[in-house]
Each structure stands twice: as structure tokens, then as C-alpha cells.
Amino acid sequence: MSILKVDNLSVSFKQYTSGLRQTTQKVISNLSIELVSGEILAIVGASGSGKSLLAHAILGILPVNATTSGDISFDGEVLTPKRQEQLRGKEIALVPQSVNYLDPLMRVGAQVRTSVRKENPKEAQKKVFKRYHLNQEVEKMYPFQLSGGMARRVLVSTAMVSGARVIIADEPTPGLDSVVIEEALNNLREFADQGCAVMLISHDIESALKIADKVAVFYEGTVLEIAEADKFEGNGDRLQHPYSKALWRALPQNDFRTNID
């Protein structure tokens, strides 16, 4: 069952050049995707292809100079800015790319507890910290006292205790060791298996393919192809778009090949 749909989304930014001349830069063009209950959709592509901006558009947290067109729907209802604000952090949770999303003036344990909706906040926070190998004393720390990897685990913890029906994970694993990466990915898979819809934004195609059901390939602000994850195999012959094939063949396990036969 579809939980969230993006139909023909375009995002542009107004900018001013020298002489105060106003220009408009379109960064997402006629983009459409669908998040389905019980599935993980991986979003892959080069830096600057619009992956994170898509997440911000869904959540309604684009900069003030952004202009959007198209529709974003949740449970069949088109999202207005007011509805986005109501759902943000509750029904739609973000695992952001930047650790700067943590409140610098609030202890991290308290930050995680504010996201808990369906359990005892203290118990849920302690349980998820234990799961992500964060010692008990970490809950009393402020973000500046954490390493980069610890801060990222706190961000993942915040989304995991939210009870959200849609999880958007924007590059959730950089800076984490292999054990915690595996745990974070398995947790996303577990949430999908429990009926959530998960969007995983990642440069790490190999890791994403371990848990994804489908993969959307982005290029310059639009979707070139949405393919079943099992089509990313061998020489990529089951993929349709040349860019998808090139992206797959350029991985280390595929000998960094960039040519398309």
C-alpha cells in the first residue's frame, strides 16, 4: 500500500547575481516516486543530483528562497505546509545527513526522549542507546561532547523511537564502524518489515542493496530509472538506463568500469 507519493515535483531557487539581477535555478525537475508500506526505496546518484533536496521537500524544510510545484501526498491527502509541520517527526521521521541537526543546548538523551510517542520515553531511549552501543553516560552529554560517529548514532536513535510510518534516512551510515552500519541497516529493514515505508538516500550502493527492495537512480534532479534491487547484478544488463549501468559497473567489485558495452 502506498503511503507517500511524489508527483511531478520541481524545485527551483531564486538567486541574485552581481548587479542584483535575479536568476532562477531549477534543481529538481518533474520528479515522481512512491513509498510503499513494507518496502525500502533506495535513492542513489552523484552528489548534487537532488537526493537530499527531495527529502527536505517532503518534510517541508526547504530554504525560504525555494519554489516548488507538483504534489506530495501522504495517505492520499496532498500535503500542505501546515500538514507537513504536523507530520514532521511524528508520522514522517528524518535521519539527517548532518549532525548539526542536534540541538547544541540540550542533552542528547533528552532529545531522543522527546521523539518517543508510543512507549515510555526513558525506557525507549535507554533501549535504543544500548542497541546502538551508546553507553549510559552518553545520554547526559551535549552534542559537542560526542564524536562524529556517536552523534550520528544519536540521530538514528531519534528516528527509530519516533513510531513514524515513513522513515527518510539521508546518508545515515558515514563515520560509523562496520558493526553499527550493519545494525542501522538491519533496523531500517526491520521497520519496513513491520509495515513502515523507508527511503534510504545513499552514495553507498553496495550497502543499500543489502536491504533495498527498489532503487531509484537520480541524475541532475530527476529520476532516470526505478529498478528492482535484484537487477543490480552481473554486468547490469537487466538495468534499462545507460547511466544506471555505468553507476553499477563503476563500483570497485565491478572493476571500476565506466564503459557501456
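Here are some notes:
- G76 meets all of the listed conditions (1) more than 24 Å from Q194 (Cα to Cα); (2) at pLDDT below 95 but one, namely (1).
- Within the option set V180, V116, V128, being more than 22 Å from I58 (Cβ to Cβ), β-branched (V, I, T), in contact with a helix residue (DSSP H, G or I) (Cβ under 7 Å, 6 or more places away or on another chain) and assigned to a loop (DSSP other than H, G, I, E, B) holds for one residue only, V116.
- Leading residue by the ranking (nearest to A208 (Cα to Cα)) among those in segment 1-59 that are among the β-branched types (V, I, T) and either in a loop (DSSP other than H, G, I, E, B) or more than 17 Å from the chain's Cα centre (by Cα) (or both): V27
- Those residues of segment 232-249 which are free of Cβ contacts under 8 Å to residues at least 12 places away in the same chain and within 19 Å of L41 (Cα to Cα), in sequence order: E233, R238
- Residues of segment 80-112 that turn out to be over 15 Å from A55 (Cα atoms), aliphatic (A, V, I, L, M) and assigned to a helix (DSSP H, G or I), as a count: 4
- When residues of segment 195-216 are limited to those that are assigned to a loop (DSSP other than H, G, I, E, B) and free of Cβ contacts under 8 Å to residues at least 60 places away in the same chain, the one surrounded by the fewest Cβ atoms within 10 Å (Cβ to Cβ): K210
- Within segment 33-78, tally of residues that are without any contact (Cβ under 8 Å) to a residue 24 or more places away in the chain, among the β-branched types (V, I, T) and buried (at least 16 other Cβ atoms within 10 Å of the Cβ): 0
- Residue match in segment 212-226 (condition: farther than 30 Å from Y101 by Cβ and at pLDDT 90 or above): yes
- Condition met for N120 (over 23 Å from I211 (Cβ atoms) and free of Cβ contacts under 8 Å to residues at least 12 places away in the same chain): yes
- Qualifying residue in segment 217-224 (condition: more than 22 Å from F74 (Cβ to Cβ), buried (at least 24 other Cβ atoms within 10 Å of the Cβ) and in contact (Cβ under 8 Å) with a residue 60 or more places away in the chain): yes
The values are calculated or read from the model by the stated rules, or taken from the named source; none is laboratory data. Remember, it's a predicted structure, so these values are computed and weren't measured experimentally. In this analysis, Cβ positions are derived from the backbone assuming ideal geometry, glycine residues included, and neighbour counts consider all displayed protein chains.
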